[in-house]
Structure formats: structure tokens, C-alpha cells
1. Among the residues of the range 139-153, are any at pLDDT below 85 and out of contact with any strand residue (DSSP E or B) (no Cβ under 8 Å at 6 or more places or on another chain)?
2. List the helices (runs of 4 or more DSSP H) inside the range 316-432, counting only whole elements, that have at least 1 residues being among the acidic types (Asp, Glu) and touching a residue at least 40 places away in the same chain (Cβ under 8 Å).
3. Give all pairs with beta carbons closer than 7 Å in which a residue from the range 190-210 that is touching a residue at least 24 places away in the same chain (Cβ under 8 Å) meets a residue that is of a type in the set (S, T, N, Q); count only pairs at least 6 apart in sequence or on separate chains.
4. Among the residues of the range 155-195, write down those that are more than 21 Å from the chain's Cα centre (by Cα) and of a type in the set (Gly, Ala, Ser).
5. Can you name the residue in the range 113-124 that is of a type in the set (Gly, Ala, Ser) and touching a helix residue (DSSP H, G or I) at 6+ places or on another chain (Cβ under 7 Å) and is also modelled with the lowest pLDDT among such residues?
6. For the range 174-207, which residues satisfy the criterion of being surrounded by fewer than 20 Cβ atoms within 10 Å (Cβ to Cβ) and among the small types (Gly, Ala, Ser)?
7. Filter the range 435-460 for residues that are within 30 Å of residue 420 (Cα to Cα), crowded, with 20+ Cβ neighbours inside 10 Å and of a type in the set (Gly, Ala, Ser) and give the result.
8. Find the residue count for the range 74-90, including only residues that are over 13 Å from residue 223 (Cα atoms), assigned to a helix (DSSP H, G or I) and not charged (D, E, K, R).
Amino acid sequence: MTKKLPAEGSLRSFLPGALILSLSGILSRLCGAIFRIPLTNLVGPQAMGYFGSAYSVYNFLLALATSGIPTGISAMVARAAANRRHGDIPGVMGFAAAFFLSFSGIVTLLGIAFARPLAVLMNSEEAFYCVLAIVPAVFFITVVALIRGFFQGYRNMVPTALSNLIEAALKLVAGYGFAYVLYLRGYSPARVVGGAMMGVTLGTVISALFMVLRYLLRGKRYRIPAAVGEKTPKRLLIRDFFAVTFPVILSAVTVNLMGALDACFVVNRMKPFFGVDGANFRWGCYGSMAMTLFNLPSFLLVSVGTSLIPSVSAARARKDASALRSTVDSALSLSAALAFGCGFGLSAVSEGAITLFYGGQSAEALSLSSRLLAVLSPALVCVGLTNVTASVLQGVGKAQMSVVSVAVGSVIKTVVAYVTVAIPQCNVFGAPLSTNLAYPVMLALNLMFLKKYAGVTPSFSEIFFKPLAAALGCWGAVFSVRPVFAGFFGTPWSIFAEIVLGGVVYIALLSLLKQSVFCGKRKTFGK
């Protein structure tokens, strides 16, 4: 009897994987918000500016050391399974582990050694404690990323989801716990926030231990003998692996460098007219208050992109153009519906959401943060769709093209932010403005590359016009009933009522407009 291999018949489909990651993302982001919100109320926006600066350094080092790992491994595993080349999988895992663990170890040691110069470079010397506490997490996240990529290649998103939850829960409990103990003992706000960062690192340690055990105790379906199926020469495996991962690394490093530059020069450019404290206060309102709520719904779109890569890679490996177009169709339609709803919905309730979560802050901080969030929220549309289209390009072996769009967008964002932040009347608003200008350009480039290399021509009616019309209707409905809800329900229940109303109106309008996700149709956007 022929041994059944865990190929396409036993692999999870694209949408269930996205749902699993989305559900875990909801809980993880809630934990993250619960962590940051009381921490902000404990130490204030200025100290959270140190937190944001340290996180920018951490994200850059993380992108340098780990980005591309889950994408590369999941694409290679999915391709090997689709082609019945199961002997390739141990080779991919062994090489990736040896290379990336060594590299991330070096990056971690350098980050610890140069923690203070990095903090000074970010114009926040007080962020030293945060940088020192968070940098070791880079190594442990590398361990997590390696094993996530393995399971995602089989379209099993459960280990990724569980590791996300473990990391978020530990960050919340240990991070806020450490910070509160230091606060009670009278330590400076900079050290209190550094204690919170220690909790973040602890969360990555426990998450890494969980993933190692999950891999060692994996079931038979993931233990196909290396002798089953043909093997690709190791030289070609390494070449193909880096063909996928290197462009992703470049993209991620560029994006996170863009974030680090924001944290560096936004504060520096505002110093002449607000002083150091005033500049850090405004950066804290943007980076730790507005951005925290902006990032809450973004996990939905990241989940779609993560789940998409192995499906696209497998369809490409089988040379199944119909399956490829169908998968991209579903991803773009779903992403557009989510992106427009989240972006315009968050903009509509920005003031109430900031007040609800950060009610303990000063009136100035609440006003500034809510206005920043209202300006930033529409960017969710292009940020989300850019992520999904980049995932498609990675899945079809054209990840290098997404690097082009990221590079162009990064230049636009950096130049616009650098110029506008130095204008006193604009100041910190230059940061969200630059995001709103850069990402549409990145998305346009990705769509052009998608048509050229994946043979997919998006239906602009399905992914732009219909969701936009529904989102505007949702936005208008929320604003029209806000005075009524505020008088009838009172805060905070009026915020929840507005969210429910906006969601119902948005879904109803999408259904009336017959947007494909909500009416059960599946248009083929391909040639």
C-alpha cells in the first residue's frame, strides 16, 4: 500500500488558516493594548516615547535577523509537499536554523553591547534601559520564526496562533507586573518602562520553548522519511531559499528602518520649537497611543497575507493557474473588505476610542492622540492591501519586486516626514501624513507587478469602489447618530454602540453592492 503523504489533500485551506490567525490575533492584540494602555497611564506619554524609540530599534534588529524566515520556510515546505519532494524539507530546516540562529545571536550580542549608543542615536538616551531589556528577544523570536515557517508550510496555523497568544499573555502579565513593582519602589519612568520591556523578552523566551517542544513532539504527518520522493540538490535548495527570503529581508529591513528613522528624526526635528520633553510627549502620543489603536485591526490583514503564501506557493509549484487566480481573488476581496471597514471605521470613532482607552491622560494628550489617529486610520486600507499583494508576489517567486515598491514608498515617507515635521504648524502630524502618501504608491506598484508576474488583473470595482462606498456610508452613519448615542447611552457604551452600528451598516452596504465576499460570488480577476 502506498503511504499517504501530507500533500494538498491533507493541507489546510487558505481561509481557515487566515481565520485561525485572525482569532489569535484578536486576543494577542487585545493583550498588547491592555499592556500598553495602563502602562501609558502609569508612566505618561513622555516615558512611552522611550518605549517607542526602543521598539523601533528592536523592530529594526528583528527585521535584520528574522524577517523572511517564516515566509521562506513556509514557501519551500509547501512547494516540496506539492511536488512530493519531502526529502527537501529537512535540508531546508537544517540550513535555515544554522544560518539564522548564528546570525541572530551575533545581532543580539551587538545590540546589547551598543544599547546606549543606539538609544542616543534615537535622541532618547533614557531609552537605554528599554533597549537593553528588549534586544535579547531577537534571538528567541528567531527560534519561534523557524518553527512557525515549518508548520505554516503545511498550512497549519495553530502553532503560530498559540505562540502568539503565549507571547502576548506573558508580555501583559510579566511586563506590566515588572513595571508596576518598579513604579511602587520609586524608580524613574525610564526604568519602569525598561521593566515592562523585560516582560516582553520573557514572553518570547516562553514562546520559543513552546515552539521547540511542539516541533520535537510533532505528529507523523510532519515526519515523512527523507527517502520518500526525490531530493533537490542542496546547492539549489539554498539558492531557492534565499531567492524567497532575501527580498523579504530587504523589504522588512527597509520598512523597519523607516520606522526607526521616524523615531529618530521626528523627535529631533521637533526639538527646536517644542524642546526635548515636548518632542517626546508628541512622539509618545503618536507612537504609543495613536499607533497602538491603529495596530489593533491590522492583524486581520497580516493574517490574510501569512495564510496566503503557502497556498500561492503550492499552486505555483503545481502550475495550477486556476487555483492561483482563485486564491488571489479570495485574498484581495477579503482584504479589501477588511481594510476599508477597519480604516474608515477607526477614523470615525477615533476620539471616543482614545478617550475610552486613555481616559487617565491629560486633555492635551487625548486631543492630540485622537486627531493623529483620525489622520492615520485611512492608511489601513493601503497598508493592508500592500501587505497582501506583497505576499502574493513572494508566493509566486517575485518577492524582489515588492522590494522595489517598499524602497520607493520608504523614500517618499522619509522625505515627506522629514520636511513636514519641521513645520511648526504640522509638527508630529507629518508622520501619519507621510504614511498616507507613501502606501498608495507602494500598493499601485504591487498591483502592477501582480498583473505582470501572476497574471492577475484586480477588479477595481470589487477591491476599491464597492468597499469605499460602503465605508463612506458606515462613516456617515456613525457621525450622524453620535449625538443621539452619546445622550442615550453615555460613555463608554456609546462607543460600542457606534462600532456595532458602523459594522452592521458596512456589511449591509457591501451585501447590497454585491461585493464578492458578502454575496458568495467569486469573480476571476485573472487573464
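1. First pass over the range 139-153, keeping only residues at pLDDT below 85: 152-153.
Subsequent filtering for residues that are out of contact with any strand residue (DSSP E or B) (no Cβ under 8 Å at 6 or more places or on another chain) retains 152-153.
Yes: the range 139-153 contains one or more residues that are at pLDDT below 85 and out of contact with any strand residue (DSSP E or B) (no Cβ under 8 Å at 6 or more places or on another chain).
2. Working: elements: 321-348, 350-357, 363-376, 379-395, 399-421.
Passing ranges, in order: 321-348.
3. Within 7 Å, the pairs are 207/163; 210/163.
4. Narrowing the range 155-195 to residues more than 21 Å from the chain's Cα centre (by Cα): 173-174, 176-195.
Correct list: 174, 177, 179, 186, 188, 190, 194, 195.
5. Narrowing the range 113-124 to residues of a type in the set (Gly, Ala, Ser): 113, 115, 119, 124.
Narrowing the set further to residues that are touching a helix residue (DSSP H, G or I) at 6+ places or on another chain (Cβ under 7 Å) leaves 115, 119, 124.
Details: 115: 85, 119: 80, 124: 68.
Taking the candidates together, the pick is 124.
6. 177, 186, 188
7. Correct list: 438 only.
8. 6
The values are calculated or read from the model by the stated rules, or taken from the named source; none is laboratory data. Everything quoted here is computed from the prediction, not taken from an experiment. With ideal geometry, Cβ positions are generated from the backbone for all residues, glycine too; neighbour counts draw on all protein chains shown.
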